[in-house]
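The values are calculated or read from the model by the stated rules, or taken from the named source; none is laboratory data. Everything numeric here is computed off the predicted structure, so don't read it as measured data. Using ideal geometry, Cβ is built from the backbone for each residue, glycine included, and neighbour counts are taken over all protein chains shown.
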Amino acid sequence: MIFHVLTIFPEFFAGPFAHGVVKRAQDAGLLDIRIHDLRDYTFDRHRTVDDRPFGGGEGMVLKPEPIFLAVESIWPARTPSQKVILLSAQGPLFDQAAANRLSQESELLLICGRYEGVDERVAEHLADEELSIGSYVLSGGELAAAVVLDATARLLPGVLGNDTSAAFESFQETGHGEGLLDCPHWTRPADFRGWKAPEVLLNGNHEQIRRFRKESAIAKTTRLRRDLIKDGPERGE
Ligand code: 9D3
């Protein structure tokens, strides 16, 4: 899968993609990440990418010309399989279902917003969709692009030892198993500062272990994420 990222901070991405799963996926040739500097698509002396908002108000807005020109240079003959995603605080929320969906694409271009926002013509006439990673204010789309790329790349066939067969699709993660958080985990030492790992996990009885994990997943979900429990109240009380 090919990911293009369009940003005014290309150096930002040296860190997030140089480690772990994303790094290994690139080294294995399963993932190709190409970072593009938006300022390379400007022609004035100051390499201007932003301007003041029509109608007045605080802050600056990313201009449309460099963004359209960048996409048209990256994809001179853009096909319907080449999808543009605008990371913006206004988009619908990115979740595991969206990651599953994006992992089926072959080539994506992520546009990172900055300042007060991006000229609306980018959302209207260039992007296939807008995505936000959560209901909080970030200072730009770069962190969001890294999140979307990481969550999507780890689902690619072969990346996490994911099966490359057709069966793989039906096993794609839903985010929380059967609507539950993962069960809690322990590792050695069995006694750490007097805090003991549950005895049942050490006794080798796999039927007991399976039941303990199911029960502790339900208990943890009830405590931390009651909103995930089906038929339960939306908000804990
Ligand atoms: C303070 C400015 N906000 C008015 C209430 C609007 C605003 C403009 C620009 C809010 C955030 C941003 C920059 N954020 C993003 O570009 C962004 C983002 C986010 O802020 N939250 C969650 N996901 C994303 S994806 C891109």
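The set of residues in region 119-148 that are under 16 Å from Pro66 (Cβ atoms) and near the ligand (Cβ under 8 Å from one of its atoms) comprises Gly140, Gly141. Within region 70-89, residues that are closer than 11 Å to Glu107 by Cβ reach partners that are of a type in the set (Phe, Trp, Tyr) with beta carbons closer than 7 Å, at six or more positions or on different chains, in the pairs Gln82/Trp75. Candidates in region 41-61 are the residues that are acidic (Asp, Glu) and in contact with a strand residue (DSSP E or B) (Cβ under 9 Å, 6 or more places away or on another chain); of these, the one that is nearest to Arg114 (Cα to Cα) is Asp50. Within region 143-159, the set of residues being over 8 Å from the mean Cα position of the chain (by Cα), surrounded by fewer than 21 Cβ atoms within 10 Å (Cβ to Cβ) and under 13 Å from Phe17 (Cα atoms) comprises Leu143, Arg154. Selection of first residues in region 219-236 that are more than 12 Å from His176 (Cα to Cα) and of second residues that are modelled with pLDDT of 95 or more and of a type in the set (Lys, Arg), restricted to Cβ pairs under 8 Å at least 6 apart or on distinct chains, gives the following pairs, ordered by first then second residue: Gly232/Arg226; Pro233/Arg226; Arg235/Arg226; Gly236/Arg226. Entry remark, region 100-118: residues being within 12 Å of the ligand (Cβ to nearest atom) and surrounded by fewer than 16 Cβ atoms within 10 Å (Cβ to Cβ) number 1 in total.
Val21: among the aliphatic types (A, V, I, L, M) and without any contact (Cβ under 8 Å) to a residue 60 or more places away in the chain, yes or no? Judged against the criteria, Val21 is not a match. For the structure I just gave you, tell me whether Ile74 is under 22 Å from Ile2 (Cβ atoms), away from the ligand (no atom under 16 Å from the Cβ) and either at pLDDT 95 or above or assigned by TED's automatic domain parsing to the domain that holds Thr7 (or both). Against the criterion (under 22 Å from Ile2 (Cβ atoms), away from the ligand (no atom under 16 Å from the Cβ) and either at pLDDT 95 or above or assigned by TED's automatic domain parsing to the domain that holds Thr7 (or both)), Ile74 qualifies. Might you check whether a residue that is of a type in the set (S, T, N, Q), modelled with pLDDT of 95 or more and away from the ligand (no atom under 16 Å from the Cβ) occurs anywhere in region 83-95? No, that holds for no residue.
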